[in-house]
Amino acid sequence: MSGRRRRVPVRPVDRGGAGGTVFSLTGWPFMALVVLATTAAFVALVVWWPSLSGRGWRRFAGRAGLLLGVNVLVLLTAATQLNAQFLYFADWTDLEGALSGTVTTTTLQRGATATDAASRAVAGAAAQRATGRLPALATTTDGSGDLLYTVRGPRSGVTGLVVVRLPAGYASHANASVRYPVLETFHGYPGSPFTWVRSMGLGSALAHQVAAHRMRPALIVSPDLQVPAGADTECVNGRPGTPQMETWLTRDVPEWVARTFRVSTNRSSWATIGISSGGWCAAMAAMLHPAQYSAAVVMGGYFRPELGPSYEPYAPGSALARRYDLVALTRRRPAPVALWMETSHTDPVSYTSSAELLKVARPPLAIDATVLQHAGHRAAVWLGLLPGALGWLGLNVPGFAPTS
């Protein structure tokens, strides 16, 4: 599962986890110990191998044991290094909780109520319903039933892939007059437009909520965030000559959706959802474009862009840099948007800016936060919370409320 790549060394401190702070799961002492053990096992293999040659079950068992031990330690070394980089498990308590299925959770509410924030009338640019006949549905799929479109944005000049999953019954004659809400998804980095509809199983999770009468059917719209291919754009606009990703994602794509599908254009019928860096994109899209989106679901996201050294769309301290500081924006002028957000005390990717946002949140912004005590930055955490987040959307955002 795609997550957020850290750009700085990560050494989170265990809070009460087994092993204490000296040998934290992502700390250098533990990882150095694993590397030393792997090296020692390899040296032992080289030294003892000649004495274990020949026949006999004892020698055979000795060779097999040495080979097995070295391979297990090599895999353990790779796993600890990957975990330190991607924060799948934040600490020993997180690992224990993942194995046992127990996580300590706190829920917080800040600012306005979600229903009030999502129901407000907001002036500004938003996609308008198309007049006349809608175009025929695309026939281009990858065999899964998802519709694949190449969308060129007239405002941004960006051309990218957009994956669309239609709700069950969309093409039925009985539903020919039904207009649907839209859930625009944002994948992590690295990732793809298929992340939400495949790895995260958003389509089946949404269908389950619809069947349980917790929300109404909705279009899932999944644009590619990596334009050009492989670039971690953080969904932002940049100086001339760089991709205008914010404009493509929040203006061009919604306008294309409204011209192509039977969707409602009321802001309460549009929401965003994202994981990790996609969580940042989901929050940014909604908070900077509240006339288009009434709500955002942010899982493991953050509220300032984390641009890498290989991509600098604007200068630090510039007007664009100030534009994308959502904590400062909230301090000055809170957006009338409903946010559902997840973070963890031991998730250094998301916790710092999430905690800052919670401190300054006030109406008309509404935040419903799920704060985990020990949880890493991984898909398993977000998958477990997805049904509740969708249920929150149907309960609080009028455009997603189940029909009678």
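The values are calculated or read from the model by the stated rules, or taken from the named source; none is laboratory data. Keep in mind it's a predicted model, so treat the numbers as computed, not measured. Neighbour counts run over all protein chains shown; Cβ positions are idealised from the backbone, glycine included. Just the protein is used for accessible areas: all its heavy atoms, side chains included, with ligands, DNA and RNA removed. Shrake-Rupley method; radii C 1.70, N 1.55, O 1.52, S 1.80 Å.
Quick notes on this one:
- For the range 187-201, putting each phi into the Karplus relation 6.51 cos²θ - 1.76 cosθ + 1.60 with θ = phi - 60° gives couplings of 7, x, 10, x, x, 8, x, 8, 4, 6, 7, 10, 4, 8, x Hz, in residue order, rounded to whole numbers and with x for Gly and Pro.
- Calculated from backbone phi, Karplus (6.51, -1.76, 1.60) coupling profile of the range 153-159 in Hz, x at Gly/Pro: x, x, 7, 9, x, 8, 10
- Space enclosed by the convex hull of the alpha-carbon atoms of the range 273-404, per residue, Å³: 116
- Per residue, the range 121-209 exposes an accessible area of 50 Å² to a 1.4 Å probe, with every protein chain left in place.
- Secondary structure note: in the chain, about 40% of the DSSP beta bridges are antiparallel.
- Build a GNM of the chain with springs between Cα atoms under 10 Å apart, and of 159, 272, 250 the one that fluctuates most is 159.
- Panel values: the range 201-316, Kirkwood radius from alpha carbon pairs, Stokes-Einstein at 25 °C and 0.890 mPa s, translational diffusion coefficient 161 µm²/s.
- The orientation-averaged shadow of the Cα convex hull for the range 136-253, equal to a quarter of the hull surface, comes to 8.2 nm².
- Annotation for the range 109-178 versus the range 251-284: alpha-carbon center distance of 7 Å.
- Rel. contact order, % - alpha carbon contacts under 8 angstrom, at least six apart, the chain: 23
- Between the alpha-carbon centres of the range 188-225 and the range 299-364 there is a gap of 24 Å.
- Less than 5 angstrom separates the built amide H of residue 346 from those of 375, all sequence-distant by 5 or more or on a different chain.
- Carbon/sulfur fraction of accessible area - the chain, other protein chains in place, 1.4 Å, %: 60
- The calculated Kirkwood hydrodynamic radius for the chain is 22.8 Å, given to one decimal from all distinct C-alpha pairs.
- Ranked by the mean number of other Cβ atoms within 10 Å of their residues, highest first, the peptides 160-166, 341-347, 197-203 fall in the order 341-347, 160-166, 197-203.
- Helical segments meeting 30 Å axial Cα length and Kyte-Doolittle 0.5 threshold in the chain (DSSP H): 57-86
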